[in-house]
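Some notes on the structure that comes next.
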Amino acid sequence: MTLDWSRLNHAYGPASDLPRLFAEAGDCDPDLAEVAWEDLWASLYHQGTVYPASFAALPVLADIATGRVPGGRRQALALAGRVVTEEQQLHPPGYVQGRYPSAVAELHRLTRDQVTARPFDGDEDDFLYWLENLLAFEGVPVWRRNLRRDAQPVVCPSCAGSLEIDLSQQPEGTRRRDPNALFRGLGREGPVLTGVRAAAPADLPPMASRLRSLAVAAGRPAAADRLTRLFGRTTCPDCAADFSVPDRIAAFAAERSAGAPRRASRGAPGG
């Protein structure tokens, strides 16, 4: 059955223009194709926001990524990954895998091919970007959105202090979170108060160990090292309690998710 795109919304309203944009994305004129992809990203993943049409587009993006229809294969794969990464904005976990199982399985396979390609096409941050997409297609919560984030907000499990684990500094560390950071734009004043201790590779949980192995095999040592720190331990600068970095990141994400109701899904679901 042909999908009625006009019944779905994207960032700019009814998604009736998507068939044209998908066709232009596969045009032999590179300039036309480039503009079409810019419009597709803006429509389906507008500044990190997704829409009903974003999810309905996954089978089309899978067709492009596999080469069944013409278009930018890497662009399609990347866009699909970002859409699924933000699944929780409109849907409960597992919605995408349940509604579009064939498309998601293909997109997952192609994303794994992307991260195992030799040589890997990209830098350390690009590698973590593709690992997030890989986890999104696998339905893994929390880490699909947190491998690349430099400043991780957490709450101390002992004193309930509001903290920030900063992996962007050298050395990395944990500090009191600045409540005015969003207003100032620069919320990292002052020294790092406590350090982050990397986990030994042998002590990593299975998922983190798998991701680190992929990074090592891809020749991305900085990404591999970041994963050991992201799954390491740190100390509260207020009460000196020692705690697990991933446990507190996951707890903060769960609390934030529970307190933020999903946006209303405008338009009929696509299939």
Placing +1 on each Lys and Arg Cβ and -1 on each Asp and Glu Cβ in region 86-169, then taking the dipole about the Cα centre, the residue among PRO92, ASN146, SER168 whose Cα reaches farthest towards the positive end is PRO92
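If you count only protein heavy atoms with a 1.4 Å probe, what accessible area per residue comes out for the chain, rounded to a whole Å²? Let's see the in-between values first.
On the way: 12730 Å² over 271 residues.
Result: 47 Å² per residue.
Show me the three semi-axes of the equivalent ellipsoid for region 1-123, from the C-alpha gyration tensor (sqrt of 5 times each eigenvalue), largest first, rounded to whole Å.
Details: eigenvalues 87, 72, 36 Å².
Each semi-axis is the square root of five times an eigenvalue, giving 21, 19, 14 Å.
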Applying the Karplus parametrisation 6.51 cos²θ - 1.76 cosθ + 1.60 with θ = phi - 60° to the phi angles of region 18-23, what ³J(HN,Hα) value in whole Hz is obtained for each residue in order, glycine and proline being reported as x? 5, x, 5, 5, 5, 5
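Provide the net charge surrounding ARG144, with neighbours chosen by a C-beta distance below 12 Å and charges set as Lys +1, Arg +1, Asp -1, Glu -1.
Numbers: positive: ARG82, ARG145, ARG148, ARG149; negative: GLU86, GLU87, GLU132, GLU138.
Surrounding charge for ARG144 is 0.
Which peptide among 107-120, 22-35 comes first, and what is the full order, when sorted by highest mean count of other Cβ atoms within 10 Å? Provide the component values of the computation, followed by the final result.
Details: 107-120: 16.9, 22-35: 14.9.
Ranked by mean Cβ neighbours within 10 Å, highest first: 107-120, 22-35.
When only Cα pairs under 8 Å and 6 or more residues apart are kept, what is the percent relative contact order across the chain? Working shown, then result.
Numbers: 420 pairs, mean separation 46.8, N = 271.
That works out to 17 percent.
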Helix-only mean residue ellipticity at 222 nm, the chain, DSSP H runs n ≥ 4 weighted -39,500 (n - 2.57), per residue, nearest 500. What is it? -14000 deg cm²/dmol
Quick one: 3J(HN,Hα) in Hz for region 109-115, Karplus 6.51/-1.76/1.60 with θ = phi - 60°, rounded, Gly and Pro as x. 4, 5, 5, 5, 4, 5, 7
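Tally up the carbon and sulfur contribution to the accessible surface of region 1-44 as a whole percent, 1.4 Å probe, everything protein left in place.
Details: 1330 of 2470 Å².
The value for region 1-44 is 54 percent carbon and sulfur by accessible area.
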With +1 on each Lys and Arg Cβ and -1 on each Asp and Glu Cβ, and nothing else charged, work out how big the dipole of the chain is about its Cα centre, in Debye to the nearest 20. 820 debye
Output the Cα-based Rg and Dmax of the chain in Å, rounding Rg to one decimal and Dmax to a whole number. 20.1, 62
Net charge contributed by nearby residues that have their C-beta within less than 12 Å of GLY67 (K/R +1, D/E -1): +1
Quantify, in whole percent, the carbon and sulfur part of the accessible surface of region 80-149 (1.4 Å probe; protein heavy atoms only). 52 percent
What are the ³J(HN,Hα) values, in whole Hz, obtained from phi via the Karplus relation 6.51 cos²θ - 1.76 cosθ + 1.60 with θ = phi - 60°, for each residue of region 253-258 in sequence order, with x given for Gly and Pro? 4, 5, 5, 5, 5, 5
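The values are calculated or read from the model by the stated rules, or taken from the named source; none is laboratory data. Computed from a predicted structure; not experimentally measured. Note that we place each Cβ from the backbone using ideal geometry, even for glycine, and neighbour counts take in every protein chain shown. All accessible areas refer to the heavy atoms of the entire protein, side chains included, with ligands and DNA or RNA removed. Shrake-Rupley method; radii C 1.70, N 1.55, O 1.52, S 1.80 Å.
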